[in-house]
Amino acid sequence: MVSSDWGDIYREIGATPVINALGSVTLLGGSTPVPEVQAAMDRADSAYIPLIELQEHAGKAIADMVDVPAAYITSGAGSALTLATAALMAGEDDDKIQQLPDTTGMKNEILIQRRQRYWYDRCLELAGAKLVEYGSDDGTTREDLENAIGPNTLAAHFYMTEQFPDENILQLEDVIEIAHANDTPVTVDAAGQIFPLENFGKYVRMGADFQCIAAKYLGSAQSTGLALGTQGMIDALAKQSFVGYESRRIRGIGRPHKIDRQEMMGVVAAVRRWFTMDHETRLAEVEQQCQLMLKPLQGVAGVSAKLLSNTIGHQPFGVEFTVDKSVTGHSSDELVDILKDGDPRIWTRTVVPNGAITLHAFGLNPGEAELVGEIIADVLS
């Protein structure tokens, strides 16, 4: 059971907490800073520091750990995408920086494969850029990209999901080769590509000009992310940021993308922890939590449940199950709604297109994994 004081701080103002079986999702708060991160954030309270200097030193420390030319801390992976797009359009030209999101006189078209359109590509448009699709729903060829590059092409964008490979898209190696042959930068959304460790920063090392990381997956605060890239790319990105706005008095689009000194030091601590921790133990603990959710579901009539075995990326393992409404009395969508309205409330979701429900351990507190499985089994029995 949850503790008697669980979520009390929310109840004090009339809000109701939930058990997070969704995982690291922005909608529920994204993450809980791990002790090393919280300690670093607390220590950062001890003094003020010019943030332009802190960004420089923190970025260098992270770049050295990750083995990339340069790094910059942002207020999330989405923020990194927006700032990177601004950097590609305006560069270090102060007049252009202040002109955005008006892109008159600038290249502003970002190429993206039709099969790679995704929810967060909107972040690429917020600085004024325009997304231009190439390829088809069936796949993409080298010729598709070559023919798509034109006089107004700003960059070619790639959405990286190593855990869900798609053989029908044009792979990143080919995108980099073709784009660079046509003097076109390449950006990569790799928000969750943090494990295996060799994948962390891998796409910049492959030749991409920029990639982002969501630092919340490392146990940092929700509103933190990383921009990794070439030195020139990160230098231009820094000019667009809130630090550039305040320290240089240049009115760039990055002013709302603010992050504090505590969060910056938390990200440094999170990256350091990630590269030095025992990942075998981490994965074993997550698998055990998922087994605790799975066990009560096994043997329930009308329920087919299995352990997800993926260990790539930010959210390893998990439980996936389907329900037969004719047996359980509830469809998957109905079950999700019942759990959201229960006591305690449990948030999960169905997976399109197969309609299965997934459970993840990332956001669970001690004792909650078994409770989640038991409550679901009780509802369906």
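The numbers here are math on the coordinates, done by the rules we state, and not lab data. As the structure is a computational prediction, the values presented were derived from the model and not from experiment. Backbone-built Cβ (ideal geometry, glycine too); neighbour counts: all protein chains shown.
Can you give me the angle between helix 77-90 and the longest principal axis of the chain, using Cα atoms only, in degrees from 0 to 90, rounded to the nearest 10?
On a 0 to 90 degree scale, this one is about 10.
Compute the acute angle (0 to 90°) between the alpha-carbon long axis of helix 172-181 and the principal axis of greatest extent of the alpha-carbon atoms of the chain; round to the nearest 10°.
Result, in degrees: 10.
Could you tell me what percent of the DSSP beta bridges with both partners in the stretch 35-276 are antiparallel, to the nearest 5?
Taking every DSSP beta bridge within the stretch 35-276, about 40 percent pair in antiparallel fashion.
Starting from the stretch 99-128, pick out the chymotrypsin sites (Phe, Trp or Tyr not before Pro) whose DSSP state is loop and whose Cβ has at most 13 other Cβ atoms within 10 Å.
Sites meeting the loop and neighbour criteria: Tyr118.
Could you pull out every residue, at least 5 positions away or on a different chain, whose amide H is within less than 5 Å of the one on Leu154? Hs are placed 1.01 Å off N in the peptide plane, and Pro or chain starts have none.
Asn108, Glu109, Ile110, Leu111
Can you list residues whose amide H is under 5 Å from Ala356's amide H, if they're 5+ apart or on another chain and H is modeled 1.01 Å from N?
Residues meeting the criterion, in which the H sits 1.01 Å from N, are Val351.
Using DSSP, restrict attention to beta bridges with both residues in the stretch 162-267 and report what percent are antiparallel, rounded to the nearest 5.
If I count the DSSP bridges inside the stretch 162-267, around 55 percent turn out antiparallel.
Using θ = phi - 60° and the Karplus curve 6.51 cos²θ - 1.76 cosθ + 1.60, what whole-Hz ³J(HN,Hα) does each residue of the stretch 154-169 get, with Gly and Pro shown as x?
Karplus-based 3J(HN,Hα) across the stretch 154-169 equals 8, 6, 10, 10, 9, 9, 9, 9, 4, 6, 10, x, 10, 6, 8, 8 Hz.
When only alpha-carbon atoms count, how far does the stretch 35-276 stretch along each of its three principal axes, as whole angstroms with the largest first?
Projected onto the principal axes, the Cα atoms of the stretch 35-276 cover 56, 42, 27 Å.
Mind listing the phi-derived Karplus ³J(HN,Hα) values for the stretch 230-247, rounded to whole Hz, using 6.51, -1.76 and 1.60 with θ = phi - 60°, and x for any glycine or proline?
Calculated HN-Hα couplings, in order: 5, 4, x, 5, 5, 4, 5, 4, 4, 5, 7, 6, 5, 5, x, 4, 7, 7 Hz.
Just to check, using Stokes-Einstein with a Kirkwood Rh over alpha carbon pairs, what's the diffusion coefficient of the stretch 48-142 at 25 °C and 0.890 mPa s in µm²/s?
Estimated diffusion coefficient is 159 µm²/s.
For Arg11, what charge total do you get from the other residues with a beta carbon under 15 Å from its beta carbon, if Lys and Arg give +1 and Asp and Glu give -1?
-3
What pairs in Lys96/Lys239; Lys107/Lys258; Lys216/Lys258 have C-alpha atoms more than 20 Å from each other?
In this structure, Lys107/Lys258 exceed 20 Å between Cα atoms.
Each label point is 7 Å from the Cα along the Cα-to-Cβ direction; what then is the distance between the points at Glu167 and Ser3, in nm?
Inter-label distance under the simple model: 5.0 nm.
If I take all pairs of Cα atoms in the stretch 277-320, what percentage of them are more than 13 Å from each other?
55 percent
Could you put Tyr245, Tyr48, Tyr10 in order, starting from the residue whose Cβ has the fewest other Cβ atoms within 10 Å? List each step's numbers first, then the result.
On the way: Tyr245 21, Tyr48 9, Tyr10 12.
Exposure proxy ranking, most exposed first: Tyr48, Tyr10, Tyr245.
In terms of Cα to Cα distance under 23 Å, which lysines are near enough to Lys325, apart from those fewer than 8 places away along the same chain?
Candidates past the 8-residue exclusion: Lys295, Lys306, Lys340.
Given the C-alpha centroids of the stretch 12-46 and the stretch 336-376, what is the distance between them in whole angstrom?
So the separation of the two Cα centres works out to 19 Å.
Counting other Cβ atoms within 10 Å, keep those with at most 13, restrict to DSSP loop, and tell me which GluC sites (Glu not before Pro) in the stretch 1-56 are left.
Glu12
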